[in-house]
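A short worksheet on the structure shown next.
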Amino acid sequence: FDTLYLPRQGGMGYDSSLRDFRSLVSDPSSLLDEVRSVAVDHVRGDIKRPWEAYSKASFIRSFPNLEEIIIVLNDEKEGEIGVNEEVEFLEPRGDPEKLLMVWYHFRQSFLQEERLMEEVCKETGREYEGFNLPVVRIRRKVRKGRGEKSTGVVGLEEALEGMRL
């Protein structure tokens, strides 16, 4: 289960390189077209830098076979995990409502960016191609090998399952 994980660079945060990722990476064999899962760090509003206006929609659209997006939360027990450390993603802990809000804000931000793309296409006379957001999962990251057994705390997936109509 390979996931392309692009961690946030500490105090610098994300910049336009996330949005332009595909144009910055040499990929003569088109291996990036095969990416099925990408992960990006959740950026809380209180730590987001003014220049962190990366475009989720452009980034996500750059992977034609994408099936899953993982929004990564830092596990407070782990402390700061360096960008070169191996990590694994586990079911998040905490208040399911707060986790649901992280998912909701990500989705709303994506939809807003899609609407802007559609408007730009109309203004420039280009055809807008709609795009459906793949499955969005929320996970917490821990240093590889530190995964633990289930704690009995309800995770987001269980909370969403209970909310289905």
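Where a number appears in this text, it was derived from the coordinates with a stated rule and is not lab data. As the structure is a computational prediction, the values presented were derived from the model and not from experiment.
Across segment 118-132, in residue order, what do the Karplus-derived ³J(HN,Hα) couplings come to in whole Hz, using 6.51 cos²θ - 1.76 cosθ + 1.60 with θ = phi - 60° and x for Gly and Pro?
With coefficients 6.51, -1.76 and 1.60, one gets 4, 5, 4, 4, 4, 5, 9, x, 8, 7, 8, 9, x, 9, 9 Hz.
Please list, ordered by chain and number, the residues whose modelled amide H lies under 5 Å from the amide H of Val136; skip anything fewer than 5 residues away on the same chain.
Close amide H contacts, sequence-distant or interchain: Ile69.
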